[in-house]
1. Quick check: convex hull of the Cα atoms in segment 118-185, volume per residue, rounded to a whole Å³?
2. Rounded to whole Hz and in sequence order, give me ³J(HN,Hα) for segment 138-151 from the Karplus expression 6.51 cos²θ - 1.76 cosθ + 1.60, θ = phi - 60°, writing x for Gly and Pro.
3. Could you work out the local net charge near ASN41, counting Lys and Arg as +1, Asp and Glu as -1, over the other residues with Cβ closer than 13 Å to its Cβ?
4. With 22 Å as the limit, write out which pairs from LYS27/LYS86; LYS108/LYS132; LYS27/LYS95; LYS103/LYS142; LYS27/LYS147 have Cα-Cα distances beyond it, or answer none.
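Here, each number is a calculation from the coordinates, and none is a lab measurement. Everything numeric in this text was worked out from a predicted model, so none of it was measured. We place every Cβ from the backbone using ideal geometry, glycine too, and count neighbours over all the protein chains shown.
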Amino acid sequence: MSEPVKRRQVVKPPDEVSILNLLYKEKTYEDAEEELIKFVNEQISAMNNNLLFKNMVEPTFYALNQSLMNYESIAIGLTSLYVTAKFNSKIAEEKYEDLYAEKYAEEKMKQVSLGKLAQFTSAKEIEMAVRKNYLTELSQLKAEWIKAESKRSLIERLSKNWESYLWVLNSLSKNAQAEANASGIGSKNQKEFGDEGLE
């Protein structure tokens, strides 16, 4: 006995609106990533410009002193950047969460309007409906949140690295002082020892 012929299942392609929404989402994240990369490169470049060893030349005692004197102002600048970045990250998160909560409530009310059918709609199904129906709005805010949080994380890491850099500067300065005192340079030629850049 031959098997009954079964109809071929036709997979419905995504509609044009869904495709455009997905493309918009992809472009939104790409733009956010591009802006973030630019920000990262700017911050790293600024930090490198303030490093004592950027030219790979053994620093003089005067250069060490200058780096120590400039350290605090840069540390304050990083603290200011971190506070601002943290604030912006929280605001971006709040905007996303607010919109999501608003759209979730709206979607849930739609399900309630269906009467008894609503009781069979799970929270996960409502969540998926929200993500699909409001993809463009949510992706825009999500991208801003991710970008803001990444900036906050970068500044935090740079601040911690800058704290470690102070230990390196202090160690080099102490070593230079000890070597100068041992060789008598500090007492014989004070200008050569620490003031060679004051002319």
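1. Working: hull volume 6.4 nm³, N = 68.
Hull volume normalised by residue count: 94 Å³.
2. 3J(HN,Hα) across segment 138-151, in whole Hz: 5, 5, 4, 5, 5, 4, 5, 5, 4, 5, 5, 5, 5, 5.
3. Numbers: positive: LYS38, LYS151; negative: GLU33, GLU34, GLU35, GLU42.
That sum, taken over residues with Cβ under 13 Å, equals -2.
4. Values: LYS27/LYS86 25 Å; LYS108/LYS132 14 Å; LYS27/LYS95 20 Å; LYS103/LYS142 14 Å; LYS27/LYS147 14 Å.
Beyond 22 Å: LYS27/LYS86.
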